[in-house]
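Enquirer: Provided herewith is a single structure, encoded as structure tokens, for subsequent inquiry.
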Amino acid sequence: MDTDSLRYLGRLGRPWGHRGELTVHLENVELDDITHAGSLFVDIEGQRVPFFFSRLYEKGRDTLIQFDDLHDPQSASILVGRDIYAPPGHMADGSDESWDPDEFIGLLVRDEKHGDLGEVTAIEGTDRNPVLVILRGEQEVMVPLADEMIVDLDMEERSLVIRTPDGLIDLYRTP
């Protein structure tokens with residue numbers, strides 16, 4: 001993914017509670033402007049690393065985030081003080097640059113778990129819910145285009161890495 005297209009959101013603060021949640025100090029962005037699930041990028045020693053999160057919410061005067069892989073204050077503490085960024089299209093108000101689904105035609109798609117899926121040949125669905133049509137051999141595979149499923153997008157290399165929900169790719173396997 002082109003990290004230059006990421007939007008700076010703020011900085012992660014101290015752990016809160018016993019479940020590994022962290023406080024978030026947002027800068028020049030409102031909580032309501034950020035989608036409340038998916039992935040955000042955390043700057044770790046100059047590298048922007050994606051972290052999936054399940055909750056981003058207000059608790060009293062604090063804004064809290066729960067990352068999927070951090071379940072206690074000790075594991076969450078490695079992210080304290082780090083800058084966070086949102087990928088393109090992750091801002092709910094539309095103020096952030098969003099992806100044009102037609103740009104996905106011709107991309108080679110690889111799923112994290114299932115490997116190479118094939119090439120995007122068309123976009124179906126609606127503007128709000130686009131679906132990628134991927135030619136896998138002689139079979140078409142339909143995958144919704146959702147920000148939270150995109151792990152890496154490299155427009156220069158014309159490649160897309162996704163994380164599909166459990167069972168989706170299995171629907172297209174021949175018995």
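Enquirer: What are the residues in region 73-88 that are at pLDDT 90 or above, buried (at least 16 other Cβ atoms within 10 Å of the Cβ) and either part of a helix (DSSP H, G or I) or over 19 Å from the mean Cα position of the chain (by Cα) (or both), if any?
Expert: LEU79
Enquirer: Please verify whether GLU21 is at pLDDT 85 or above, surrounded by 15 or more Cβ atoms within 10 Å (Cβ to Cβ), acidic (Asp, Glu) and more than 18 Å from the chain's Cα centre (by Cα), treating the condition exactly as stated. Can you show your working first?
Expert: Numbers: at pLDDT 85 or above: yes; surrounded by 15 or more Cβ atoms within 10 Å (Cβ to Cβ): yes; acidic (Asp, Glu): yes; more than 18 Å from the chain's Cα centre (by Cα): yes.
In short, yes.
Enquirer: Quick one: count up the residues across region 36-49 that are under 15 Å from the mean Cα position of the chain (by Cα) and surrounded by fewer than 16 Cβ atoms within 10 Å (Cβ to Cβ).
Expert: Within region 36-49, residues that are under 15 Å from the mean Cα position of the chain (by Cα) and surrounded by fewer than 16 Cβ atoms within 10 Å (Cβ to Cβ) number 3.
Enquirer: Of the conditions (1) modelled with pLDDT of 90 or more; (2) touching an Asp or Glu at 6+ places or on another chain (Cβ under 9 Å), ALA92 satisfies every one except a single condition; which number is it?
Expert: All conditions are met except number (1).
Enquirer: Being more than 16 Å from ARG110 (Cβ to Cβ) and either outside the structural domain of VAL120 (by TED's automatic domain parsing) or in a loop (DSSP other than H, G, I, E, B) (or both) is the filter here; which residues of region 132-155 pass it?
Expert: If the condition is that a residue be more than 16 Å from ARG110 (Cβ to Cβ) and either outside the structural domain of VAL120 (by TED's automatic domain parsing) or in a loop (DSSP other than H, G, I, E, B) (or both), then GLU138, ALA146 are the ones that fit.
The values are calculated or read from the model by the stated rules, or taken from the named source; none is laboratory data. This structure is a prediction, so every number in the text was calculated from the model and none was measured. Positions of Cβ are backbone-derived with ideal geometry, glycine not excepted, and every protein chain shown enters the neighbour counts.
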